[in-house]
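Written out below as structure tokens is the structure these notes cover.
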Amino acid sequence: MMNANPGKDWRGLETVRKDAILKMLRMYRDANAGHIGASLSCMEILLYLHFSRMTPDDKFILSKGHAAAALYCVLNQRGKLSDEALASFYRDGTSLAAHPPCDKSADGIIFGTGSLGHGLSLSAGLYLSRKFTGRHFNAYTVLSEGDCNEGSTWEAALFAAQHDMSGLFAIVDNNGLQGFGKSREVLNLEPLEKKWAAFNFDVEIASDGHDFRCLDAAFAALAARGGRRPKCLIAKTIKGHGLSFMENRLESHYLPLSGEQYKTAVKEIEESYAQRIR
Amino acid sequence: MRKEFAETVEKIALADKKTVFLTGDLGFMALENVRKAMGGRFINAGVCEQNMVSVAASLAMEGLKPLCYSIAPFAVFRPCEQIRNDVCLHNLDVKIIGNGGGYGYGIMGASHHALEDIALLSSFQHMKCFIPLCNEDVETVVSRAVNRIGPAYIRLGYGLKPSDMSIPAYSGARRLLRGSGITLLALGPVALNVFEAARDYKGAVDFFAVSEMPLEDAQPVIDSVKTTGRLLVVEEHVKRGGLGEYICELLVRQRLSPFFAHRYAKGYHKGYGSQKYHQLCDGLDAGSLKTLIGEMLSSLT
């Protein structure tokens, strides 16, 4: 188990990224499980938040709970979840199911999620508690486009703006695909930036949600806005990112890796690492 | 019971600064004093019950004591998944308060009634449902719910008891009349109708008012059924998942099979009307119940 804290050492974070993805792919292979595309879509966002953005007091909610494996591996890299725990993924009796647990067994997972549309409300509640407890922290939530289909997400957006939650960050993993089709064809969210802005959020777009520098610049721009509005970062991402046979494919939401695919995946991740640190 | 509820919340909130009150934009002519007393700890969350319940779950996760208020159907059915996932699965100290349970909102129509709330919520992990009998119960019930760590639901209703009716100290099942002919159970304020119906059969009716589901100590009820061999259950709630089915399961486990009659809420087969109208339609009014009790007793001879 690593306990790296590269801060803004992007090269160091690339190494953490490679290790996290390789562990995650092995977990998925061993479990013969799906949701790989969704996890690869937000892996860099989760790494950036946990290694370079959040303080120990900050709160994090994975609203798109189906990417739990990515979160588990990030927490493992952060030293909060053991290799033994990771090895129990999907096994009978585990706390690490396909979606984050409700049993407070994992440091860094405040709420179990899995049904979409809960995360932003949970974050808003955590942020609201500051008013009564005097504690100071920011609250970060990663949402999918499916989350943005849910009415409860927009209830939470109204609430966060009403209560001046300037330290609440909604990060939308905007990969253009959801459960059974392209987002535009299922339930068009566009213009997404204008929607969040119309709900009185400050909005920034990260044009490459898989690039740490790009994410950092977008967060810096959001932080520079000041004011009392909550924040939304729309991260342009690719479902199944990094694997040639998965990128932008709907089936990457569901299908597990075959033995051959796993070998190809490991090769491609290692090759991409070499390119990313160049 | 709203008046008593508001007075109790005011006291609790003043005594415990961790109390936070959230309402789904309801409380006109009822909660103004609570709002005034609680200041920033009173939050009108808007007509957003799903968000309200998840927010409350997070407040509880941070050690606060949130109370979520709306009318019963809006407090329970709309945020059902938030209550299940965010509150109950995490065993958080959130109290859901639904005003006007059963047919309480009468002519407002079916959307405003809550006939299935106990079935739904009592099936959730860690959840305890409180259904006060009368206005005098409210302070005790709310205090019990608040002092019990974990999720709870309080179903408020119309609870004006007859002035000459004396009630024993609160418990989940209170014996209001003692008798040996039939055992009678009633859930929440509809027990006041039952009391009116049963008071003339003194010595014949062993009558319990039930105010908690699941009922933790049902032994006095089971002992009564063993003696009488006849059971009537009355509830302003649907048949499935209510008090009647709950008691039947307990009795089967005891290998008891009494003569069983059940009066319950049947829904909308004769249009809409006041709470009294719906009670009359379903045989939950005092007159109908008196006739039924008389028939059950006469079958003894």
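The values are calculated or read from the model by the stated rules, or taken from the named source; none is laboratory data. This structure is a prediction, so every number in the text was calculated from the model and none was measured. We place every Cβ from the backbone using ideal geometry, glycine too, and count neighbours over all the protein chains shown.
If the requirement is being farther than 18 Å from B:SER224 by Cβ, buried (at least 18 other Cβ atoms within 10 Å of the Cβ) and out of contact with any Pro (no Cβ under 8 Å at 6 or more places or on another chain), which of these qualifies: B:TYR268, B:TYR264, B:TYR277, B:TYR272?
B:TYR264
Take A:ALA274 and decide whether it is free of Cβ contacts under 8 Å to residues at least 12 places away in the same chain and closer than 18 Å to A:LYS18 by Cα.
Working: free of Cβ contacts under 8 Å to residues at least 12 places away in the same chain: yes; closer than 18 Å to A:LYS18 by Cα: yes.
Against the criterion (free of Cβ contacts under 8 Å to residues at least 12 places away in the same chain and closer than 18 Å to A:LYS18 by Cα), A:ALA274 qualifies.
Within segment B:30-64, which residues are more than 10 Å from chain A (Cβ to nearest Cβ) and in a strand (DSSP E or B)?
Hit for segment B:30-64 is B:PHE42, nothing else.
Residue by residue through segment B:65-79, note down the ones that are within 11 Å of chain A (Cβ to nearest Cβ) and surrounded by fewer than 24 Cβ atoms within 10 Å (Cβ to Cβ).
B:LYS65, B:ARG78
Between a residue in segment B:168-190 that is without any contact (Cβ under 8 Å) to a residue 40 or more places away in the chain and any residue that is part of a loop (DSSP other than H, G, I, E, B) and crowded, with 24+ Cβ neighbours inside 10 Å, which pairs come within a Cβ distance under 9 Å, given they are 6 or more apart or on different chains?
Here the result reads B:LEU176/B:LEU133, each pair linking segment B:168-190 to a residue that is part of a loop (DSSP other than H, G, I, E, B) and crowded, with 24+ Cβ neighbours inside 10 Å.
Just one of A:PHE169, A:PHE159 is at pLDDT 95 or above, more than 14 Å from chain B (Cβ to nearest Cβ) and at negative phi; which is it? First the steps, then the outcome.
Working: A:PHE159 fails: more than 14 Å from chain B (Cβ to nearest Cβ).
Sole residue among the options that is at pLDDT 95 or above, more than 14 Å from chain B (Cβ to nearest Cβ) and at negative phi: A:PHE169.
Answer yes or no as to whether B:CYS88 is surrounded by fewer than 23 Cβ atoms within 10 Å (Cβ to Cβ), closer than 18 Å to A:LEU116 by Cβ and more than 8 Å from chain A (Cβ to nearest Cβ).
no
Mind checking which pairs have a first residue in segment A:125-154 that is facing chain B (nearest Cβ under 7 Å) and hydrophobic (A, V, I, L, M, F, W, C) and a second that is surrounded by fewer than 24 Cβ atoms within 10 Å (Cβ to Cβ) and part of a strand (DSSP E or B), Cβ under 9 Å, 6 or more apart or different chains?
Listed pairs, sorted by first residue: A:LEU128/B:ILE43.
For segment B:87-95, does any single residue satisfy the condition of being in a helix (DSSP H, G or I) and more than 30 Å from B:TYR272 (Cβ to Cβ)?
Within segment B:87-95, one or more residues are in a helix (DSSP H, G or I) and more than 30 Å from B:TYR272 (Cβ to Cβ).
With the condition kept exactly as written, say whether any residue in segment B:136-147 is in a loop (DSSP other than H, G, I, E, B), under 27 Å from B:PHE21 (Cβ atoms) and touching a residue at least 12 places away in the same chain (Cβ under 8 Å).
No, the conditions are met nowhere in segment B:136-147.
Yes or no, residue by residue, for (1) within 26 Å of A:SER115 (Cα to Cα); (2) among the charged types (D, E, K, R); (3) under 13 Å from the mean Cα position of the chain (by Cα):
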| site | (1), (2), (3) |
| --- | --- |
| A:GLU14 | no, yes, no |
| A:ASN32 | yes, no, no |
| A:SER41 | yes, no, yes |
| A:LEU46 | yes, no, yes |
| A:LEU49 | yes, no, yes |
| A:LEU75 | yes, no, yes |
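Looking only at segment B:19-29, which residues are on the phi < 0 side of the Ramachandran plot and either without any contact (Cβ under 8 Å) to a residue 12 or more places away in the chain or at the interface with chain A (Cβ under 8 Å from one of its Cβ atoms) (or both)?
Within segment B:19-29, B:VAL20, B:PHE28 qualify.
Quick check on segment A:70-87: of everything there that is of a type in the set (S, T, N, Q) and buried (at least 16 other Cβ atoms within 10 Å of the Cβ), which residue is farthest from A:THR15 (Cα to Cα)?
That would be A:ASN76.
Would you point out the residue of segment B:213-261, among those that are among the acidic types (Asp, Glu) and out of contact with any Phe, Trp or Tyr (no Cβ under 9 Å at 6 or more places or on another chain), that is surrounded by the most Cβ atoms within 10 Å (Cβ to Cβ)?
B:GLU245
Any chance you could count how many residues in segment B:30-61 are surrounded by fewer than 22 Cβ atoms within 10 Å (Cβ to Cβ) and of a type in the set (Asp, Glu)?
The total comes to 1.
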